[in-house]
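No value in this document is a laboratory result; all are computed from the given coordinates. No experiment lies behind these values; they were computed from the predicted model shown. Cβ placement follows ideal geometry from the backbone for every residue including glycine, while neighbour counts extend to all protein chains displayed.
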Amino acid sequence: MDSGGVGEYRMLVAIAFSIPVIQKIFSNYMYLSPFPFSITDFATIEPEIHTGITGQAEWRILHRDEVRIRLVTYSPNYLADHWCSKGHIIFCVEGDMETELENGSKHLLSKGFMYTVGDNSDTHRTYSKNGCVIFIVD
């Protein structure tokens, strides 16, 4: 291939890798679309209230294109009213919660700990005896 061909090839590769879906496929990390630097005070975000089988969850949600970022507060004795198959990165800010997998296993997440689960991987639901605050990215 002559130098002109190499230049055209490099240009095509550059164009291809500027397409978000291509970046996502070839990236070793989660793709975040370009958005400006910002600081968020979750206290200023109006909460959504989600009622569980028992207790309730208060979600404060920030969207950045395809990424949902939430600060969630579970009341004491909160038990989710659904099984979830969505992937998450969850960090426990305060308190603790128990995550039950559909296979029956139960896992305790305490303050300062994090769990990760992929989309359509391990279906799960949450219970918190004393309530907790968690930070979720999905």
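For LEU79 and PHE42, FRET efficiency with R0 = 30 Å and r from the beta-carbon atoms, rounded to 0.05? Show your work: numbers first, answer last.
On the way: r = 24 Å, r/R0 = 0.79.
Working from the Cβ atoms, E equals 0.80.
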Query raised in the report: Which whole-Hz couplings ³J(HN,Hα) result when phi for each residue of the range 31-37 is put into the Karplus expression 6.51 cos²θ - 1.76 cosθ + 1.60, θ = phi - 60°, listed in order with x for Gly and Pro?
Result: 8, 10, 5, x, 8, x, 4
Query raised in the report: For ILE89 and GLN56 in the same chain, what is the full-extension length gain: residue separation times 0.36 nm, less their Cα-Cα distance, in nm?
Result: 9.8 nm
Query - Note, ³J(HN,Hα) from phi for the range 65-70, Karplus 6.51, -1.76, 1.60, rounded to Hz, x at Gly and Pro - result: 6, 7, 9, 9, 10, 9
Query - Loop chymotrypsin sites (Phe, Trp or Tyr not before Pro), the range 68-99 (other Cβ atoms within 10 Å of the site Cβ: 11 or fewer; DSSP) - result: TRP83
Report task. Report the Stokes-Einstein translational diffusion coefficient (µm² s⁻¹, integer) for the range 42-137, Rh taken as the Kirkwood radius over Cα pairs, at 10 °C with viscosity 1.306 mPa s. Result -> 119
